[in-house]
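Everything below concerns the one structure shown next.
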Amino acid sequence: MKIYAPAKVNLGLDVVRTMENGYHELDMIMAPISLYDELDIEYADQDKIEIENMELSEDNTISKTLGLLRDCYDIKHHYLIRVKKNIPSQAGLAGGSADAAAVLKTVLELEGIEVEMEEKLNLAKQIGADVPFCLVNQFSRVKGIGENIEILDTNWKFNILLVKPDFGVSTPEAFRLWENQEKFHPDIDYVQMACENQILDLLVQAMGNALEPVAFELRPELAKIKEEMLDLGMVRVMMSGSGSSMMGFCIDEDVLQKAKSVLEKRYGFVEVVSVGAKL
């Protein structure tokens, strides 16, 4: 059985505060994009996960998902899961979380186990912070540590340019540095308003990512990429999540494509993708 696991971007990300348990309370606008990992799932004699051209860590999200499902339900089968990674890792695009959400949904279906969405979301948040959103896979306002999701009333779709350099940004390191920085709090209400009313001009003015300044401090090369994208005609450039993917916004499709043709000679991953795309 072939399934697709869509990536996400953050159109707004505010770090509200550090909670007593050490986690950070977030307030975000998230949206799916037309970039997918491809997974083949079939019955097998034992659970096995194969990922093309990648070493598989023991704590990978797919193994974690299968383990959680076996702990919670009577899972009668084992699964061979083959993954073709199209979503770059350490990119702020939730590639691992997308795979986990896809496996969670699919294994429950294959086992004939009917579960309410609320229960699926409760399972998802035990796997990773972005997994609940990846289950919902619609424009959403996401709060807390990723578990509180409000689906936005919009069917907006628009294209952006996505550039991922050949390095990532450590999320724990970014949050650690954020603790000691002057705080920047984007107005997520305005970002939500822009998305619900499909106003790109408002979005590019309102959007912001509280982790971008610290990511730029950790990896100054990101500021250079941003400058290059602006020079090529983007009206706004912003980092997704904790990085290192940079998003370029422009209403002119020709400008997006021309910038892509220039930047793909310099960076390993450069794609024009559709925000709000649904499978």
Item to check | Unmet criterion (only one of (1) under 20 Å from THR171 (Cα atoms); (2) part of a loop (DSSP other than H, G, I, E, B)) for ALA277 | outcome: (1)
Checklist entry - Of everything in the range 166-187 that's in a helix (DSSP H, G or I) and more than 18 Å from the chain's Cα centre (by Cα), which residue is nearest to SER245 (Cα to Cα)? => result GLU173
Checklist entry - Just one of THR65, THR106 is buried (at least 22 other Cβ atoms within 10 Å of the Cβ) and either aliphatic (A, V, I, L, M) or within 22 Å of the chain's Cα centre (by Cα) (or both); which is it? => result THR65
Checklist entry - Pairs under 6 Å by beta carbon, first residue at pLDDT 95 or above in the range 72-98, partner among the basic types (Lys, Arg), six or more apart or different chains? => result LEU80/LYS48; PRO88/LYS164; ALA91/LYS164; ALA94/LYS8
Item to check | Residues that are in contact (Cβ under 8 Å) with a residue 40 or more places away in the chain, under 21 Å from the mean Cα position of the chain (by Cα) and either assigned by TED's automatic domain parsing to the domain that holds PRO32 or farther than 24 Å from ALA277 by Cβ (or both), drawn from the range 188-217 | outcome: ALA210, LEU211, VAL214, ALA215
Item to check | Lone unmet requirement of (1) surrounded by fewer than 22 Cβ atoms within 10 Å (Cβ to Cβ); (2) over 18 Å from VAL275 (Cβ atoms); (3) out of contact with any Asp or Glu (no Cβ under 8 Å at 6 or more places or on another chain); (4) in contact (Cβ under 8 Å) with a residue 24 or more places away in the chain for ILE145 | outcome: (3)
Checklist outcome for this item: The residue from THR18, THR65, THR61 that alone is touching a Ser or Thr at 6+ places or on another chain (Cβ under 8 Å) and of a type outside the set (A, V, I, L, M, F, W, C) is THR61
Item to check | Residue count, the range 29-71 (criterion: closer than 26 Å to ILE145 by Cβ, of a type in the set (Gly, Ala, Ser) and free of Cβ contacts under 8 Å to residues at least 40 places away in the same chain) | outcome: 3
Next on the checklist: Go through (1) in the same structural domain as GLU119 (by TED's automatic domain parsing); (2) modelled with pLDDT under 95 for LEU135 and report which single condition fails.
Outcome noted: (2)
Checklist outcome for this item: Only unsatisfied item for ILE225, checking (1) closer than 25 Å to ASP27 by Cβ; (2) in contact (Cβ under 8 Å) with a residue 24 or more places away in the chain; (3) buried (at least 19 other Cβ atoms within 10 Å of the Cβ), is (1)
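The values are calculated or read from the model by the stated rules, or taken from the named source; none is laboratory data. As the structure is a prediction and not an experimental result, all values here were calculated from the model. Neighbour counts run over all protein chains shown; Cβ positions are idealised from the backbone, glycine included.
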